[in-house]
Structure formats: C-alpha cells, structure tokens
1. Can you name every residue in region 22-55 that is within 20 Å of the chain's Cα centre (by Cα) and of a type in the set (S, T, N, Q)?
2. How do the pairs read when you match residues in region 39-57 that are over 22 Å from residue 144 (Cα atoms) with residues anywhere that are among the β-branched types (Val, Ile, Thr) and loosely packed, with under 14 Cβ neighbours inside 10 Å, using Cβ under 8 Å and keeping only pairs 6 or more apart or on different chains?
3. Using the structure shown, decide if residue 100 is buried (at least 19 other Cβ atoms within 10 Å of the Cβ), within 18 Å of the chain's Cα centre (by Cα), assigned to a helix (DSSP H, G or I) and in contact (Cβ under 8 Å) with a residue 24 or more places away in the chain.
4. Quick check: anything in region 118-141 surrounded by fewer than 20 Cβ atoms within 10 Å (Cβ to Cβ), in a loop (DSSP other than H, G, I, E, B) and in contact with a helix residue (DSSP H, G or I) (Cβ under 6 Å, 6 or more places away or on another chain)?
5. How many residues, within region 70-97, are part of a helix (DSSP H, G or I) and polar (S, T, N, Q)?
6. For region 51-61, state whether one or more residues are part of a helix (DSSP H, G or I) and among the hydroxyl-bearing types (Ser, Thr, Tyr).
7. Go through region 1-47 and report how many residues are closer than 21 Å to residue 107 by Cα and among the polar types (S, T, N, Q).
8. Does region 117-139 contain at least one residue that is β-branched (Val, Ile, Thr), closer than 21 Å to residue 23 by Cβ and more than 14 Å from the chain's Cα centre (by Cα)?
Amino acid sequence: MRDRIQAVLRQLAQSPALEARWLHTLSFMEFIGARKISRTVADRHPTLAVLEHLADETRHAFAFKRLAAELSGAEPSGFLCPEAAGRYFQALDHELATWATARTGAPDVFLHYLLTTTAIERRAMVLYPLYKAASRHASVREELGRVVTEEQGHRRSIEDACVARLSAVGASLDDALALEERLFGAFIQELEVAVTQELASAALVATEATAPVARVVSSVT
C-alpha cells in the first residue's frame, strides 16, 4: 500500500493544476473529520482535548484549501475523486462503529470517536510524510510538516485511550486498522485511475497544441 500511495502522489505532483485539486480534496477530507467531531463528541461544550482536536482539523481544512488556491491562482472548486473520498470516510465511520458495537454490546459514541480518529491519524502519518516528499512546492512541504506535528500532538493520547477501551472488552486495534486498510485501498485505486487519466488527457492536449507549430516549421523548412 505504501508504494502505491507514494507512486500516485509523485504522479499528481508533476502537475500544479492536479496537485491543487488534490490539496482541495485533502481540505475536504479534513473538513469531513471536523464536521464529524462537531456533530458527535462536540455537540455539547466538549473537553479541552476534543476542542483542540476540532480546532486542528478545522485549521488543516483551511490550510489545504489556502494552498490549493495558491497553486491554482484562484478560489479552488475542483477536486480529485471527491465521491471516493466521501465514501471512504462514511464507510470507515459506519463499519468501525458496527465493529465496535459488536464487541462492546452497545453503541459508545466516544469509543467510536477514538477508534475512527486513531485509524485516520495512523493513515495521516503515512500519507502526509509521503506527500511532503513528493511535492515540489516549498509552501506545501512546510505546511505538511506543521500538520504532521499537530497530528502527532494528539494522536498518542487518543490512541492510548482507544487501546485501553478495546482491551477492556478483549478486542484488538489491529482488526480495526485492517478494516481501514481495505477501505483506503479502494480510495487509492480510484485515485490512481483518475490521476492516470488526467495526466494522459493533459499530455494529449499539449501534443495537439504543439502540432500546428510543428506543421508550420515543417512547411517553412
């Protein structure tokens, strides 16, 4: 999986326009996370830790959208595989909640929050460093460095709390992470197809644009 992620990120980083749409997709995904927090564990005035997490996710959504605007030169509107990104989040949230409820015997909103957050933060710790290495834009690399630092700041405490709750009912985090791996693999598969198609289309447009010039030069010589 890591090699596939690295390869598709290197591909999309070849095109500023494509990378801008990718950044906008990351912004969308961070926004989904922030919205989910606000509708569940932050639907009432939450703890400091939850407020900090909500603030981080909201800032990341803003930061990625700002970078998308920087690369595209305008307010971003296009995405890369937004439907697939939405399906990944919704399926992950639903399947992890179902998995946890089957093991605890009753719905537990806070455990579902801990579990989904742990799975997503684990994914971010793979995805964002690989993207930082792939991007050719200094501003993107700098922001990704900040995001990783912020994610690490709350990831450990959330994961520890999640593991403790799961251990109390004899459940393993590894099973939940395997579920996330399957769902993210489906998202990456759609992203791979989309990026390949977009780059091929851009190459065709570039070829067609240079063809008249080549014919003129040929006729002159």
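Just so you know, all these numbers are worked out from the coordinates, no wet-lab data involved. It should be emphasised that the depicted structure is a prediction, and the values quoted were computed from it without experimental measurement. Here Cβ is always computed from backbone atoms with ideal geometry, including for glycine, and neighbour counts include all displayed protein chains.
1. Residues satisfying the conditions are 25, 27, 38.
2. Qualifying pairs under 8 Å: 40/109; 41/109.
3. no
4. No.
5. Residues flagged as part of a helix (DSSP H, G or I) and polar (S, T, N, Q) within region 70-97 amount to 2.
6. Looking through region 51-61, at least one residue is part of a helix (DSSP H, G or I) and among the hydroxyl-bearing types (Ser, Thr, Tyr).
7. Looking only at that region, the number is 3.
8. Taking every residue of region 117-139 in turn, none turns out to be β-branched (Val, Ile, Thr), closer than 21 Å to residue 23 by Cβ and more than 14 Å from the chain's Cα centre (by Cα).
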